[in-house]
Amino acid sequence: AQSVTQLGSHVSVSEGALVLLRCNYSSSVPPYLFWYVQYPNQGLQLLLKYTSAATLVKGINGFEAEFKKSETSFHLTKPSAHMSDAAEYFCAVSDREDNDMRFGAGTRLTVKP
Amino acid sequence: KAGVTQTPRYLIKTRGQQVTLSCSPISGHRSVSWYQQTPGQGLQFLFEYFSETQRNKGNFPGRFSGRQFSNSRSEMNVSTLELGDSALYLCASSVTGNLYNEQFFGPGTRLTVL
């Protein structure tokens with residue numbers, strides 16, 4: 001079965017600084033990988049997804065992620081953090097065999113002025 | 001197009017009671033999935049329904065059940081509530097039900113069990 005590990009339950013950056021949220025996956029078959037964002041008292045919103053096309057995936061709000069098979073990673077980045085990026089971010093994995101979605105534990109991003 | 005709606009948004013119950021949560025998917029979406037979110041266990045998959053059939057189920061006890069109606073609306077039921085059932089319950093809908101495609105999440109129902 002597939003799984004994901006998010007390194008760092010809490011990341012703090014200054015406004016304008018690079019955002020890097022780490023995700024490593026484990027899957028015995030080609031994975032589908034996702035990043036979701038959750039704002040307080042809201043559901044999850046899809047930022048981007050990898051489905052075996054381009055390894056560099058661009059998402060909404062200036063976020064992007066790169067699929068690296070050799071490192072089994074799918075880290076999320078944004079060149080310049082904005083105050084509105086403060087939220088919880090979840091990495092998730094799915095595949096065609098199990099057809100369920102496994103989420104990481106989440107990373108809470110704080111943006112300091 | 002209206003998003004996924006969940007009712008009620010907040011619910012308080014006592015141990016031993018049962019509860020029913022409702023989810024209305026985006027128009028045209030035939031698949032509804034349910035997730036439980038807790039601080040300790042994170043986001044866990046409960047089950048997925050497509051065209052009124054449960055196609056996949058997570059590792060939860062039989063007290064957790066669900067159903068889907070012909071209009072794709074779904075309900076989730078938890079019987080004999082325990083304190084540990086306190087959580088945010090999220091519903092997500094998708095067109096095909098293949099969970100490697102995009103799912104759209106509702107705002108959730110926050111259940112508190114006293």
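Working note: Cα atoms of chain B, range along each principal axis, descending, whole Å: 37, 26, 26.
Of all aspartates and glutamates in the structure, those lying under 19 Å Cα to Cα from A:Lys112, and not within fewer than 8 positions of it along the same chain, are A:Glu15, A:Asp85, A:Glu88. Among the GluC sites (Glu not before Pro) in region B:1-92, those located in a DSSP loop and surrounded by at most 15 other Cβ atoms within 10 Å of their own Cβ are B:Glu52, B:Glu82. In chain A, the ratio of gyration radius to Kirkwood radius, Rg to Rh, stands at 0.96 when only Cα atoms are counted. For region B:1-53, the spherically averaged projection of the C-alpha convex hull amounts to 5.0 nm². Averaged over peptide B:34-43, the number of partner chain Cβ atoms lying within 10 Å of each residue's Cβ comes to 3.
On the basis of the beta-carbon distance and an R0 of 35 Å, B:Ser51 and B:Arg9 show a calculated FRET efficiency of 0.80.
Tell me the Kirkwood radius of the protein assembly as shown: reciprocal of the mean inverse pair distance over distinct alpha-carbon atoms, in Å.
Values: mean 1/r = 0.0555 Å⁻¹.
Answer for the protein assembly as shown: a Kirkwood hydrodynamic radius of 18.0 Å.
For peptide B:7-13, the mean count of partner chain Cβ atoms within 10 Å of a residue's Cβ comes to 0. Can you give the longest stretch of chain A with no exposed loop site, where a site means trypsin sites (Lys or Arg not before Pro) in a DSSP loop (not H, G, I, E or B) with at most 14 other C-beta atoms within 10 Å? The longest such stretch corresponds to A:1-68.
Rounded to the nearest 0.05, what FRET efficiency do A:Glu64 and B:Phe60 give with R0 = 45 Å and r taken as the Cβ-Cβ distance? Could you check?
Values: r = 35 Å, r/R0 = 0.77.
According to the calculation, E is roughly 0.85.
Averaged across A:39-52, how many Cβ atoms of other chains sit within 10 Å of each residue's Cβ atom?
Values: counts 0, 0, 6, 5, 14, 11, 2, 5, 0, 0, 4, 0, 3, 1.
Across A:39-52, the average partner-chain Cβ count within 10 Å equals 4.
By the Cα gyration tensor, region B:51-111 has an equivalent ellipsoid whose semi-axes, rounded to whole angstrom, run 21, 14, 12 from largest to smallest.
Values in this text are rule-based calculations from the coordinates and carry no lab data. These figures come from a predicted structure and were not determined experimentally. Note that we place each Cβ from the backbone using ideal geometry, even for glycine, and neighbour counts take in every protein chain shown.
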